Structure formats: C-alpha cells, structure tokens
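The values are calculated or read from the model by the stated rules, or taken from the named source; none is laboratory data. The model shown is predicted, which means the values in this text are computed figures rather than measured ones. A quick note on method: Cβ atoms are made from the backbone with ideal geometry, for glycine too, and the neighbour counts reach across all protein chains shown. Note: areas computed on protein heavy atoms with side chains; ligands, DNA, RNA excluded. Shrake-Rupley method; radii C 1.70, N 1.55, O 1.52, S 1.80 Å.
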Amino acid sequence: METIKNFFKTFLLYELAKGMALTGRYFFARKITVQYPEEKTPQGFRFRGLHAQRRYANGEERCIGCKLCEAICPAMAIKIELTEREDGTRRTTQYDIDLTKCIFCGFCEESCPVDAIVETRVFEYHGEKRGDLYYTKPMLLALGDKHEEQIAKDRAADAKYR
Amino acid sequence: MNFETIVFYGFAALIVFASLRVITARNPVHAVLFLVLTFISCAGIWILLEAEFLAITLVLVYVGAVMVLFLFVVMMLDINLAQLRKDFWRWLPFGAALAGLMAFEMIWVLGSAETSGGKTAIRHAADYSNTKELGRLIYTDYVYPFEIAAVILLVAMVAAIALTMRRRKDAKSQVVSEQIATKKADRLRIVKMPSESKAANQLSGEQK
Amino acid sequence: MMELLQTLQQLGQELLGPAWLPVWTAVKILVVVVPIMLTVAYLTLAERKVIGYMQIRIGPNRVGPYGLIQPLADGLKLLFKEIIIPSGSNKFLFIIAPILGLAPALAAWAVMPFGDGMALANLNAGLLYLLAMTSLSVYGIIIAGWASNSKYAFLGAVRSVAQIVSYEIAMGFALVCVLMASQSMNLGDIVRGQQGSLGMLNWYFIPLFPMFLVYLISGVAETNRAPFDMAEGESEIVAGFHVEYSGMAFAMFFLAEYANMILISFLTAVMFLGGWLSPVPFLPDSFIWLLAKAAFFLFVFLWLRATFPRYRYDQLMRLGWKVFIPLTIIWVVVVAVWMQTPLWVW
C-alpha cells in the first residue's frame with residue numbers, strides 16, 4: 001500500500017507540487033525590501049563605517065601615536081609616522097588609512113587607549129579616482145570634527161559594555 | 001523564368017557550392033557545417049517538389065540529430081592536417097573510382113526512361129498530404145522492407161552499445177535510482193525538543 | 001475584421017501589383033515577430049519581478065513606474081556595449097552563431113495557429129516542421145561554443161547540446177501521442193480535434209496527462225531553463241556556451257532563450273490545452289484564451305525557476321533517457337490500444 005502511494009506520489013510530482021505551493025504562497029507574502037535611498041535600515045551604536053580621528057574638548061587631538069592600531073590592523077591599512085612636538089609630547093606627523101585595504105573590523109577602534117581613532121556611522125561615501133579612498137590625518141580629523149556629536153553619543157552608549 | 005525556377009537554381013547552386021566545400025574545406029568542422037548547408041538546401045528543393053514530409057524529415061533527422069553528433073565527434077578530434085595530406089595521393093585512385101561508380105549509377109538511374117522517364121512533379125490539391133501517402137505505402141506495399149530496415153537499425157544499435165559499453169570494476173559511481181528513491185523519512189528524523197531549558201529560563205528571568 | 005483584411009489585400013494588389021505578395025508576407029511576419037520580441041523584453045522583467053516576489057523582494061522598480069521601462073534600459077545597455085571577438089576564435093562562425101540560435105526560434109512561429117485559420121502558414125506537416133525547427137536551434141549553441149575557442153564555452157555547449165538532443169526525443173514522442181489522438185500533423189486540426197461540447201474535458205491533457213507532464217518538463221529542459229540550466233550553470237561553468245559573448249551578440253542568445261520559452265508555452269497550450277478554445281462551453285472561443293494559457297505556462301516557467309535547485313547532470317540524463325523515453329514509448333502503445341476501444345471519447 002505504502003509502495004503504491006509512493007509510486008503515485010512520484011509520478012504525479014507530489015513533492016514538486018508541494019515545493020511550488022510554498023513558493024507560490026510566498027508570492028503573495030508581504031515584501032520586506034527596504035527602498036534604500038528613501039528608507040534606511042536602523043544602525044546600531046557600534047556601527048563600523050568610515051573612520052574618524054577625535055579631539056578633546058579643548059581642541060587637542062587625542063591620538064598619542066602609540067601605534068597600537070597600526071600593529072593590530074589585520075589588513076595593514078594604517079600607516080603612522082611619529083615625531084616629538086615642541087612641548088615634549090609624542091604626536092603623529094602622518095596617520096593614513098587606506099580604505100581600499102580596510103576591512104572595517106573595528107580592531108583599531110578597540111585597541112585605541114584614548115578613543116582617538118573611531119569608526120563612525122557614515123557609510124555612504126565614494127571615491128572617483130584611485131587616491132580618493134586614501135584618507136590622511138587632516139581628512140580624518142575633519143571627519144571627527146564634523147561627526148563629534150554622534151560619535152560622543154555612541155561612545156557613551158557603548159561605555160557600560162567596555 | 002518564373003519565381004520557382006529562380007528559387008530552384010538558387011538552391012541548386014548552393015548545393016553544388018556547399019558540397020564542393022565539404023570536400024575542399026581544410027577544417028573538418030567547416031566541412032561538417034557545409035554538409036549541413038547542403039542538407040538544408042536539399043530540403044529546400046524537396047519543398048519545391050511539394051515533398052514537404054521528406055524535406056522536413058531530412059532537416060529533423062539529418063540536420064537536427066545526425067549532423068549534431070557528427071559535429072560533436074569532429075570538434076573533439078585532434079586533427080593533424082599534414083598527417084591527413086600525406087595519404088592523399090595513395091587513396092586518390094580508390095576515391096576517384098568510387099566517385100566514378102556513383103556518378104555512373106546516378107546517370108543510369110536518372111537517365112533511363114523507365115525510372116524517371118522525364119517525369120515532372122505532379123501538382124496536387126492543397127489538402128493532399130504526402131505524409132499520409134507515404135505512411136500508407138510504407139505500411140502496406142513496403143511493410144517488409146520497412147520492418148527489416150527497422151530490425152537492422154535495432155541490431156546495429158544494440159551492437160554499438162554492446163561494443164562500447166565497458167564496466168570498469170574499480171570505477172566508482174553513484175546509483176542515481178537509489179538516490180532518487182530515498183524518501184525524507186529514510187534520512188531525516190525530526191526530534192521534538194523543548195526550546196529552552198529550565199535553567200536558561202530562570203537565568204533570563206533574573207535578568208529581567 | 002475579415003472584410004477589413006480583404007479590402008486591404010485588394011488595395012495592396014491594385015497599388016503594387018506582383019510586388020504586393022512579398023510586402024504582404026513581410027507585414028504578416030512583422031505582425032507575429034514584433035509582439036514576440038516585445039513579449040521577450042517584458043518576460044525578462046516579469047521573470048525578475050516574479051522571482052523577486054517569490055523571494056519576498058519586489059524586483060526592479062526604479063526605471064519607470066513599477067520598473068516598466070527596465071527592459072528598454074537593459075536593451076539599450078546591451079546595444080551600446082562592445083562586442084568582443086576573442087582572438088583565436090573563428091570570426092565568421094562566432095558572429096553567425098547567435099543568429100543561428102535566434103532564427104529557428106522565430107521561424108517556428110510560422111505554423112502557430114493563433115485562432116481558427118489564423119496562422120502564417122497552414123502547413124500539413126506543421127508538427128514535424130516545429131520539431132525540425134526546435135532541433136535546428138542546437139546549431140547556434142554548438143557553433144557558439146566551438147567558435148569561441150574557449151574550453152568553458154565548448155564544455156558548456158557540449159553539455160547543453162547533449163541535453164537538448166536527449167530531451168528532443170522524449171518531446172517528439174509526447175507529440176506523437178498528440179498526433180495520434182488528433183490524427184493530424186496540422187496544428188490547426190490538432191486544436192479543432194479538441195473541440196467538443198464539454199469544454200476543457202475535451203482537451204488532450206486528460207487522456208495524455210503523463211505526456212502533458214513529460215512535454216512540459218522536457219520543454220523546460222529543452223530551453224535550458226532552471227532547474228535544467230546546466231548549460232548556463234552560473235556557479236559551475238560561468239555561463240556555458242556564451243561566456244565569450246558580450247553586447248548584442250549575447251542579447252541574441254538571451255532573446256533566443258526567451259523566444260523558445262514563449263514558443264514552448266504556446267505549443268503546450270495548443271497541443272494539450274486546446275489552443276484558442278474556451279475552457280467552458282458557454283464562453284466563446286477566442287485568441288485571448290490562447291494568450292491566457294500561454295501566459296500561465298510562462299508563469300510556471302518562472303515559478304519553477306524560483307522553486308527548484310539545479311539538477312545534477314547525470315540525473316538529468318537519467319531522467320531523459322531512462323524515465324521519459326520509456327514512459328513516452330509505453331504511452332504511445334497505450335494510446336494506440338486505447339484508441340481502438342470504444343472507451344476513447346476524445
């Protein structure tokens with residue numbers, strides 16, 4: 001009996017019909033597409049987008065040139081050169097991030113002892129020439145200045161988990 | 001010179017050209033493709049003769065199936081042209097004799113009054129179906145030759161398979177019929193489990 | 001409608017004389033081919049939309065309202081792309097292959113009966129002609145594969161041609177059942193043979209149900225569509241026989257595939273679902289019914305693609321040779337015997 005049932009099931013393509021019924025049902029299901037430029041998916045406070053360098057409230061740049069980020073960067077996207085400033089502190093003369101190499105893992109941000117290098121929520125950026133995605137220190141600082149409010153809020157939200 | 005004559009000479013010229021190219025083309029793939037062209041032009045001429053069944057069958061069987069297999073074989077061949085040229089003169093007399101014989105036969109058959117008799121194609125009414133006529137002839141007057149031809153073909157097919165089929169003992173292969181015959185129940189056992197343990201429940205309760 | 005055509009004929013006859021016949025034929029061909037091309041264009045959009053909907057997405061919706069201009073945009077893009085001819089390829093064959101692929105797909109429409117007596121050519125051996133035309137379409141593929149001088153293209157071509165040739169046999173036998181039932185190879189007569197007082201119960205898909213399924217599945221395999229799209233095999237052999245093609249040459253293959261799909265849908269409707277006949281006796285027969293049936297099968301094509309994973313090649317060959325061909329041969333005998341008994345009422 002079971003065999004006969006299976007025979008008919010095979011030849012009447014029962015299982016295929018079942019599969020098609022499933023996709024057929026989804027044909028009428030509510031669509032979940034996000035219409036991107038008009039609609040956007042929500043971002044978490046740990047969102048890892050474009051990098052930025054932060055400053056303290058008095059305008060002093062945070063980065064102390066410890067090179068931890070350069071060391072930990074798995075893609076070797078960060079390049080740092082150092083010098084001693086006239087007040088005796090160690091500062092960077094060059095802080096470049098090659099975004100074409102960067103994999104946005106967030107290790108630099110995590111390794112930074114002074115929260116100088118951070119990843120912002122900005123993800124809509126582009127380059128039109130080859131060098132456009134090679135971000136230098138002034139560019140990163142400018143980004144930090146621009147988004148400082150959002151960055152500070154995100155740091156505060158993340159603080160209790162650190 | 002009416003339209004049909006123009007079409008006929010067009011097709012005829014195409015046949016002559018293509019069949020010449022079949023034997024002169026250097027690349028065997030081109031030769032096969034020219035043979036295909038020859039067949040299609042022949043079909044055209046047969047359609048002019050209102051033998052549409054034969055014409056379409058020629059396209060269907062020879063062009064659509066036989067020549068495709070031919071192409072398959074020829075495309076996979078590794079052909080050394082110089083090697084082929086070498087024996088050209090040795091086989092020339094043999095080939096020429098064969099060609100002469102065939103030409104003679106054709107002239108004999110087509111030229112004699114008995115077989116063709118200078119007959120022209122007969123015009124038929126629009127509802128005349130030469131498929132039906134052919135079927136009637138094959139299954140009445142020519143039923144034995146037809147059946148014998150069929151048996152010969154069957155034997156040839158069986159022989160070809162028997163000659164080429166070798167089962168290597170060490171070759172591993174899947175048994176597709178077995179794979180397909182398996183049912184969900186043979187492979188998959190669905191076990192019901194409570195989704196959360198008691199301890200996990202308590203833990204999550206505490207966090208709230 | 002008919003009178004209008006008559007007057008048009010007469011007018012043309014008077015105006016152009018003997019040159020009218022080729023002009024009129026060209027007009028008739030255009031009347032059939034242009035809608036097919038438009039259908040092909042919008043079928044690509046429909047495919048993306050339908051598959052999108054089944055994957056709870058919405059598909060293209062940016063170009064024009066609901067993405068309705070998308071096919072034109074795609075067409076334009078392909079038109080302006082460069083046709084790259086690989087070095088070491090056979091240029092003449094490389095260029096002619098897509099044309100050889102598309103031409104039979106369009107030529108087959110000559111015998112399609114759109115309504116009672118509405119066919120470009122009322123051929124007595126229409127069914128044979130169709131089979132011949134579909135069997136010619138392999139040349140485009142095999143020549144493309146060989147002329148590209150690329151092993152991916154060649155392997156893709158070999159796979160796809162082997163598949164098409166295998167399934168053609170099953171398809172042919174399924175059609176043999178139809179022509180036995182209708183006792184005619186004229187497509188118009190086949191549809192007329194399905195006429196009756198019971199509407200859809202008179203159609204051939206009831207006595208020939210297994211053949212209907214075989215024909216439909218072979219049709220999917222014949223057109224190299226998912227789940228039988230081994231020829232393309234995006235994830236295995238990068239695109240099969242047309243890897244080396246770009247721009248309009250590629251578009252021709254694309255057109256051929258979709259034109260074949262539409263052809264198979266119409267043929268299934270004509271052979272098994274009574275063509276232009278109405279499914280219920282109280283509604284009039286009309287061209288609309290044929291369109292509706294064909295549209296349904298086209299939807300099934302897309303539906304299949306959205307549902308099933310790709311077949312494995314050896315399983316595909318097994319299905320063709322060891323399941324379909326024996327099944328069709330047995331059913332030919334069954335139908336032959338059945339037709340001799342009084343139980344045959346179709």
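Residue pairs whose Cβ atoms lie under 7 Å apart, sitting 6 or more positions apart in sequence or on different chains, and linking a residue in the stretch C:22-42 that is within 25 Å of C:D74 (Cβ to Cβ) to a partner that is among the hydroxyl-bearing types (S, T, Y) and assigned to a helix (DSSP H, G or I), are C:V40/C:Y258. Restricting the stretch A:42-68 to residues that are more than 11 Å from the chain's Cα centre (by Cα) and among the polar types (S, T, N, Q) leaves a set whose member that is nearest to A:A156 (Cα to Cα) is A:Q53. Here C:Y152 meets each of (1) within 25 Å of B:V29 (Cα to Cα); (2) modelled with pLDDT of 85 or more; (3) more than 16 Å from the chain's Cα centre (by Cα) with one exception, condition (2).
For the stretch C:177-218, the set of residues classified as within 13 Å of another protein chain (Cβ to nearest Cβ), under 20 Å from C:S278 (Cβ atoms) and open to solvent by 30 Å² or more (accessible area, probe 1.4 Å) consists of C:D189 only.
For the stretch A:28-52, the set of residues classified as within 26 Å of A:L140 (Cβ to Cβ) and among the charged types (D, E, K, R) consists of A:K40, A:R46, A:R48, listed by residue number. Of all residues in the stretch B:168-185, those satisfying the criterion of being over 18 Å from C:K322 (Cα atoms) and open to solvent by 100 Å² or more (accessible area, probe 1.4 Å) are B:R168, B:K169, B:D170, B:K172, B:K184. Note on the stretch A:18-27: residues that are open to solvent by 80 Å² or more (accessible area, probe 1.4 Å) and either closer than 10 Å to C:I56 by Cβ or facing another protein chain (nearest Cβ under 7 Å) (or both) total 1. Every listed requirement among (1) modelled with pLDDT under 80; (2) over 30 Å from A:N6 (Cα atoms) is met by B:A181 save one, (2).
Every condition in (1) open to solvent by 50 Å² or more (accessible area, probe 1.4 Å); (2) at negative phi is met by B:V36 except one, and the failing one is (1).
Between C:A144, C:A174, C:A221, C:A157, the distinction of being aliphatic (A, V, I, L, M), in contact with a Gly (Cβ under 6 Å, 6 or more places away or on another chain), part of a helix (DSSP H, G or I) and crowded, with 24+ Cβ neighbours inside 10 Å belongs to C:A157 only.
For the stretch C:106-130, a residue qualifies if it is open to solvent by 10 Å² or more (accessible area, probe 1.4 Å), assigned to a loop (DSSP other than H, G, I, E, B) and not aromatic (F, W, Y), and the qualifying residues are C:D116, C:G117, C:A119, C:L120, C:A121, C:N122, C:L123, C:N124. May I ask you to verify whether C:L298 is within 13 Å of chain A (Cβ to nearest Cβ), within 17 Å of C:V40 (Cα to Cα), buried (at least 18 other Cβ atoms within 10 Å of the Cβ) and not basic (K, R)? Criteria not met by C:L298.
When C:A41, C:A46 are checked against the criterion of being within 14 Å of chain A (Cβ to nearest Cβ), under 25 Å from C:P113 (Cβ atoms), assigned to a helix (DSSP H, G or I) and open to solvent by less than 40 Å² (accessible area, probe 1.4 Å), C:A46 stands alone in meeting it. Candidates C:I51, C:I36, C:I83, C:I29: the one that is open to solvent by 40 Å² or more (accessible area, probe 1.4 Å) and assigned to a helix (DSSP H, G or I) is C:I29. Sub-8 Å Cβ pairs linking a first residue in the stretch B:155-179 that is aliphatic (A, V, I, L, M) to a second residue that is at pLDDT below 85, at least 6 apart or interchain, are B:V176/C:D314; B:V176/C:Q315, ordered by first then second residue.
Quick grid of which residues meet (1) out of contact with any helix residue (DSSP H, G or I) (no Cβ under 9 Å at 6 or more places or on another chain); (2) assigned to a helix (DSSP H, G or I); (3) modelled with pLDDT of 85 or more; (4) at positive phi:
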{"residue": "B:E50", "(1), (2), (3), (4)": "no, no, no, yes"}
{"residue": "B:D78", "(1), (2), (3), (4)": "yes, no, no, no"}
{"residue": "B:A82", "(1), (2), (3), (4)": "yes, yes, no, no"}
{"residue": "B:A99", "(1), (2), (3), (4)": "yes, yes, yes, no"}
{"residue": "B:M102", "(1), (2), (3), (4)": "yes, yes, yes, no"}
{"residue": "B:E105", "(1), (2), (3), (4)": "yes, yes, yes, no"}
{"residue": "B:V109", "(1), (2), (3), (4)": "yes, yes, no, no"}
{"residue": "B:E114", "(1), (2), (3), (4)": "yes, no, no, no"}
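Evaluate the stretch C:124-133: report whether one residue or more is under 27 Å from B:V68 (Cα atoms), within 14 Å of another protein chain (Cβ to nearest Cβ) and in contact with a Pro (Cβ under 7 Å, 6 or more places away or on another chain). The answer is yes, given that some residue of the stretch C:124-133 is under 27 Å from B:V68 (Cα atoms), within 14 Å of another protein chain (Cβ to nearest Cβ) and in contact with a Pro (Cβ under 7 Å, 6 or more places away or on another chain). None of A:F45, A:F7 is more than 10 Å from chain C (Cβ to nearest Cβ), open to solvent by 100 Å² or more (accessible area, probe 1.4 Å) and not small (G, A, S) except A:F7.
Residue-wise test of (1) in a helix (DSSP H, G or I); (2) surrounded by fewer than 24 Cβ atoms within 10 Å (Cβ to Cβ).
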| residue | (1), (2) |
| --- | --- |
| C:E244 | no, yes |
| C:M248 | yes, yes |
| C:F253 | yes, yes |
| C:G275 | no, no |
| C:P279 | no, yes |
| C:W289 | yes, yes |
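Restricting the stretch C:301-314 to residues that are assigned to a loop (DSSP other than H, G, I, E, B) and among the basic types (K, R), the residue that is nearest to the other protein chains (Cβ to nearest Cβ) is C:R312. For the stretch C:137-152, the set of residues classified as among the aliphatic types (A, V, I, L, M) and closer than 21 Å to B:Y62 by Cα consists of C:V138, C:I141, C:I142, C:I143, C:A144, listed by residue number.
Taking the listed residues A:A75, A:A52, A:A71, A:A21, the one that is closer than 30 Å to B:S177 by Cα and modelled with pLDDT of 90 or more is A:A21, with no other qualifying. Quick check, is C:M133 part of a helix (DSSP H, G or I) and either open to solvent by 10 Å² or more (accessible area, probe 1.4 Å) or farther than 30 Å from B:L37 by Cα (or both)? It is true that C:M133 is part of a helix (DSSP H, G or I) and either open to solvent by 10 Å² or more (accessible area, probe 1.4 Å) or farther than 30 Å from B:L37 by Cα (or both). Remark: pairs (first residue in the stretch A:121-136, polar (S, T, N, Q); second residue open to solvent by less than 70 Å² (accessible area, probe 1.4 Å) and in a loop (DSSP other than H, G, I, E, B); Cβ separation under 6 Å; 6+ apart in sequence or on different chains) are absent. What are the residues in the stretch A:48-58 that are surrounded by fewer than 21 Cβ atoms within 10 Å (Cβ to Cβ) and among the charged types (D, E, K, R), if any? A:R48, A:R55, listed by residue number.
The conditions of being more than 13 Å from chain B (Cβ to nearest Cβ), of a type outside the set (D, E) and crowded, with 22+ Cβ neighbours inside 10 Å are not met by C:P60.
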